[in-house]
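Peer 1: Okay, handing you the structure first.
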Amino acid sequence: MDLNQDRLVSMYRQMVLIRRFEERAADFYREGKIGGFLHLYIGEEAVGVGAIAALEPQDYIVTHYRDHGHALARGLDPKRLMAELLGRATGVSGGKGGSMHLADVSKGFWGGYGIVGGHIALAVGLALSAQYLDENRVVLCIFGEGSTNIGYFHEALNLASLWKLPVVFLCENNLYGMGTAVERASAVPSVAAKACAYNIPATRIDGMNISTVYEAAALAVAHVRSGQGPYLIEAMCYRFPGHSMGDPERYRSKDEVDRYREQDPILMLGKQLESQGILDEGGLEQIDHDVSKVIEAVAVFADQSHAPAPEALHEHVYAHPLNHREGAA
Amino acid sequence: MTLITYRDAVRDALREEMHRDPRVFIMGEEVGVWGGSYAVTQNMLREFGDKRVRDTPIAEGIIVGAGIGAAMGGLRPVCELMTVNFGLLASDMLINHAAKLHYMFAGQVKVPLVVRAVGGSGRQLAATHSQSLEVLFAYIPGLKVVMPATPYDAKGLLKAAIRDDDPVLYIEHSLLYPIKGEVPTGDYLVPIGASDIKREGKDVTIIAWSRMVHVALQAAEILGREGISAEVVDLRTLRPLDMEPVIRSFMKTNHAIVVEEDWRTFGIGAEVAVQIYEQAFGYLDAPIVRCAGAEVPMPYAKNLEALAVPTAGDVVRAAKELIG
Ligand SMILES: Cc1ncc(C[n+]2csc(CCOP(=O)(O)OP(=O)(O)O)c2C)c(N)n1
């Protein structure tokens with residue numbers, strides 16, 4: 001399951017795309033063009049990109065509100081993602097979901113969700129549909145370590161294991177749930193250790209190393225696809241910016257952040273590509289340059305898109321317009 | 001037409017829909033081996049097997065959560081919550097998830113889910129097992145809430161709910177399971193969002209749903225003997241609420257009583273009354289009356305429980321005062 005050179009380069013490109021996308025989103029936020037909460041994925045790119053690379057096109061993804069990176073890694077249109085962040089009609093969710101609720105079902109991307117832990121239950125249900133309909137699908141369910149102390153996590157793991165449902169649980173352990181360090185919230189600070197309570201095989205890996213992530217995800221996906229039931233991966237990682245924009249970050253020191261920045265997954269993969277002679281410095285710069293161009297176009301598209309029409313307010317509350325008394329006696 | 005119980009009507013609807021559509025399945029606590037805690041799903045495990053009749057752990061969040069996910073993925077799950085009281089543990093799933101996904105993702109996701117639950121009081125189950133919580137869910141745009149009162153409506157509404165593309169909360173009443181009623185032999189649906197006149201009259205409109213429809217009908221019977229002609233409107237669906245038959249009836253009777261098992265303050269009756277005021281103010285001969293549940297946690301003692309729920313006598317008294 002080694003990664004070939006082209007694959008590594010395309011993963012590098014995806015990570016850079018996510019980084020630049022997030023930086024541009026932060027700028028839009030500061031300009032007042034993005035409202036609500038904005039949770040950035042900077043620092044955690046290797047987890048999403050590495051794990052999603054192990055999926056097939058028919059597989060499903062269900063994730064939390066820190067979802068931009070996952071959406072980009074799955075190949076959702078960056079223009080329509082940025083438009084969603086700006087609340088425009090061209091956005092993937094029609095401007096009705098915003099940053100936390102990105103979805104493109106045509107790509108098996110069933111959404112980001114804003115209620116901590118809730119989507120873990122939905123992922124298990126999607127896995128049930130795949131098993132019931134005998135579809136060859138794996139559901140990748142992504143959440144933070146802070147979500148593993150909520151009831152849903154435990155109910156979901158129990159049922160998934162009991163019914164041998166095809167789901168890979170991917171925990172992004174970035175050490176903090178908002179401002180609460182994992183040891184201050186979880187009696188068992190290792191999420192992988194929790195999986196044994198449900199008889200689910202689990203592994204704890206370095207989530208800053210994309211090859212490690214990819215290999216672990218490929219093994220997990222193969223296990224799940226073969227019908228042996230769920231698998232859990234705990235990817236140790238770190239988010240460089242605050243929990244969301246405007247986080248005063250009183251819970252950690254600048255030194256700590258700087259230490260983790262030395263393990264920046266993009267820098268590390270860049271170095272690896274150079275040392276293996278796959279790309280030289282110019283090659284890396286070229287990627288950065290190309291991606292910056294893409295992001296410029298993305299920003300222009302999003303900014304020039306229209307807000308949703310006022311009629312959209314009442315659309316999609318129900319699957320069909322309510323037709324009171326239709327067929328009534 | 002055949003004469004069957006409310007319980008059989010619910011079961012027949014489930015069975016017929018499962019025979020019609022292989023994507024329909026049921027899951028919940030004790031639905032399989034036990035046969036349903038109110039015996040609704042009796043023998044269904046034997047008939048359909050454990051892929052389609054799924055016993056679950058006692059975990060309401062995942063029962064409804066997995067139902068939502070399965071519905072998103074193309075199935076038509078019918079989840080059973082033993083009682084609507086336990087539905088509170090799944091209320092985040094219903095309110096923050098089922099009701100939101102179609103809108104929040106701009107139509108990309110559909111949630112054709114039915115959640116069945118038993119509501120109401122009358123069996124001395126005390127405070128935590130006797131509530132009428134329909135208003136909590138009927139308040140939520142994106143959900144549909146139905147509460148049938150008769151075997152005919154129970155069967156037709158459940159079939160309609162299973163075929164509906166939106167999440168439907170279907171609340172049964174435990175005291176209604178043994179009641180009997182006429183049901184057509186073939187396939188039929190009762191539309192969601194259509195109130196129904198259960199008895200015609202001209203002096204006063206009595207509005208009710210679920211078990212209170214029977215209380216209203218009993219009161220109308222007594223009133224009839226005393227020369228007051230009452231019309232009984234069964235709401236059947238609380239969201240979307242169909243006020244048309246209520247308003248039409250009220251324009252004729254100019255008097256209205258809402259009979260509700262739930263609590264008066266902020267209850268369904270308040271919404272019904274205000275809509276009458278908004279839509280038919282000029283037809284008002286007297287203030288609208290609410291006969292509602294006592295505003296207390298349900299007590300256990302038989303005599304106290306009986307005092308907490310509206311009776312036909314209460315409705316008769318209210319009607320006489322109103323018309324008097
Ligand atoms: C049920 C619920 N409770 C609280 C919140 C507020 N909240 C949003 S994110 C968050 C922290 C979650 O941490 P974690 O799961 O570790 O994910 P991370 O943000 O670190 O990626 C909290 C408490 C919420 N959205 N939902």
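The values are calculated or read from the model by the stated rules, or taken from the named source; none is laboratory data. As the structure is a prediction and not an experimental result, all values here were calculated from the model. Note that each Cβ is placed from the backbone with ideal geometry, even for glycine, and that neighbours are counted across all protein chains shown. We work out accessible area using only protein heavy atoms, side chains counted, and drop any ligands, DNA or RNA first. Shrake-Rupley method; radii C 1.70, N 1.55, O 1.52, S 1.80 Å.
Peer 1: Can you name the residue in the range A:157-183 that is part of a helix (DSSP H, G or I) and more than 12 Å from the ligand (Cβ to nearest atom) and is also farthest from the other protein chains (Cβ to nearest Cβ) among such residues?
Peer 2: Per the criteria, the residue is A:183.
Peer 1: Follow-up question, since we're still on this one. Which is of a type outside the set (D, E, K, R), open to solvent by less than 30 Å² (accessible area, probe 1.4 Å), modelled with pLDDT of 95 or more and under 17 Å from residue B:215 (Cα atoms), of B:272, B:258, B:289, B:246?
Peer 2: Of the residues listed, the single one that is of a type outside the set (D, E, K, R), open to solvent by less than 30 Å² (accessible area, probe 1.4 Å), modelled with pLDDT of 95 or more and under 17 Å from residue B:215 (Cα atoms) is B:258.
Peer 1: Let me ask something else about it. With respect to residue A:54, determine if the residue is away from the ligand (no atom under 12 Å from the Cβ), within 26 Å of residue A:165 (Cα to Cα) and under 13 Å from the mean Cα position of the chain (by Cα).
Peer 2: No, not satisfied.
Peer 1: Step by step: first the residues of the range B:131-144, then only those that are open to solvent by 10 Å² or more (accessible area, probe 1.4 Å) and part of a helix (DSSP H, G or I), then the one that is farthest from the other protein chains (Cβ to nearest Cβ). Which residue is that?
Peer 2: Per the stated criteria, the residue is B:135.
Peer 1: Taking residue B:74 as the residue in question, decide whether it is in contact with a Ser or Thr (Cβ under 9 Å, 6 or more places away or on another chain), facing chain A (nearest Cβ under 7 Å) and farther than 19 Å from residue A:64 by Cα.
Peer 2: Yes.
Peer 1: It is to be established whether one or more residues within the range B:113-130 are surrounded by 21 or more Cβ atoms within 10 Å (Cβ to Cβ), within 11 Å of chain A (Cβ to nearest Cβ) and farther than 20 Å from residue B:36 by Cα.
Peer 2: No, every residue in the range B:113-130 fails to be surrounded by 21 or more Cβ atoms within 10 Å (Cβ to Cβ), within 11 Å of chain A (Cβ to nearest Cβ) and farther than 20 Å from residue B:36 by Cα.
Peer 1: Failed condition for residue A:86, given (1) of a type in the set (A, V, I, L, M, F, W, C); (2) touching a residue at least 60 places away in the same chain (Cβ under 8 Å); (3) open to solvent by less than 10 Å² (accessible area, probe 1.4 Å), with all others met?
Peer 2: The single condition residue A:86 does not satisfy is (3).
Peer 1: Turning to a different aspect of this structure: Out of the residues in the range A:123-150 that are without any contact (Cβ under 8 Å) to a residue 60 or more places away in the chain and either within 11 Å of the ligand (Cβ to nearest atom) or more than 8 Å from chain B (Cβ to nearest Cβ) (or both), which is nearest to residue A:91 (Cα to Cα)?
Peer 2: Checking each candidate, the answer is A:146.
Peer 1: Suppose we keep only residues that are of a type in the set (S, T, N, Q) and either farther than 21 Å from residue A:62 by Cα or touching a Phe, Trp or Tyr at 6+ places or on another chain (Cβ under 6 Å) (or both) within the range A:170-218. Which one would you say is surrounded by the most Cβ atoms within 10 Å (Cβ to Cβ)?
Peer 2: The extreme case among them is A:174.
Peer 1: Would you confirm whether or not the range A:112-122 contains a residue that is more than 9 Å from chain B (Cβ to nearest Cβ) and assigned to a helix (DSSP H, G or I)?
Peer 2: No, because not a single residue in the range A:112-122 is more than 9 Å from chain B (Cβ to nearest Cβ) and assigned to a helix (DSSP H, G or I).
Peer 1: Let me ask another. Would you confirm whether any residue within the range B:46-66 is in a helix (DSSP H, G or I), surrounded by fewer than 22 Cβ atoms within 10 Å (Cβ to Cβ) and away from chain A (no Cβ under 14 Å)?
Peer 2: yes
Peer 1: What helices (runs of 4 or more DSSP H), lying completely within the range A:219-329, carry at least 1 residues that are open to solvent by 70 Å² or more (accessible area, probe 1.4 Å) and within 14 Å of another protein chain (Cβ to nearest Cβ)?
Peer 2: Details: elements: A:254-261, A:265-275, A:281-304.
Per the criteria, no element qualifies.
Peer 1: For the range A:88-115, what are the residues that are closer than 19 Å to residue A:139 by Cα, in contact with a Lys or Arg (Cβ under 9 Å, 6 or more places away or on another chain) and away from the ligand (no atom under 16 Å from the Cβ)?
Peer 2: Once the filter is applied, which keeps residues that are closer than 19 Å to residue A:139 by Cα, in contact with a Lys or Arg (Cβ under 9 Å, 6 or more places away or on another chain) and away from the ligand (no atom under 16 Å from the Cβ), the range A:88-115 yields A:104, A:107, A:108, A:109.
For every residue, the table says whether it meets (1) more than 12 Å from the ligand (Cβ to nearest atom); (2) not charged (D, E, K, R).
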| site | (1), (2) |
| --- | --- |
| A:220 | yes, yes |
| A:225 | yes, no |
| A:228 | yes, yes |
| A:234 | no, no |
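Peer 1: Just to be sure before I move on: is residue A:42 within 16 Å of the ligand (Cβ to nearest atom) and either without any contact (Cβ under 8 Å) to a residue 40 or more places away in the chain or within 26 Å of residue A:118 (Cβ to Cβ) (or both) in the structure I sent?
Peer 2: Details: within 16 Å of the ligand (Cβ to nearest atom): yes; either without any contact (Cβ under 8 Å) to a residue 40 or more places away in the chain or within 26 Å of residue A:118 (Cβ to Cβ) (or both): yes.
So residue A:42 passes the test.
Peer 1: Right, here's the next one. Among the numbered criteria (1) open to solvent by 10 Å² or more (accessible area, probe 1.4 Å); (2) more than 30 Å from residue B:61 (Cβ to Cβ), which one does residue A:101 miss?
Peer 2: Condition (2) is where residue A:101 drops out.
Peer 1: Let me ask something additional. Which condition number does residue A:119 fail, the rest of (1) closer than 15 Å to residue B:111 by Cα; (2) within 14 Å of the ligand (Cβ to nearest atom); (3) open to solvent by 20 Å² or more (accessible area, probe 1.4 Å) being met?
Peer 2: All conditions are met except number (3).
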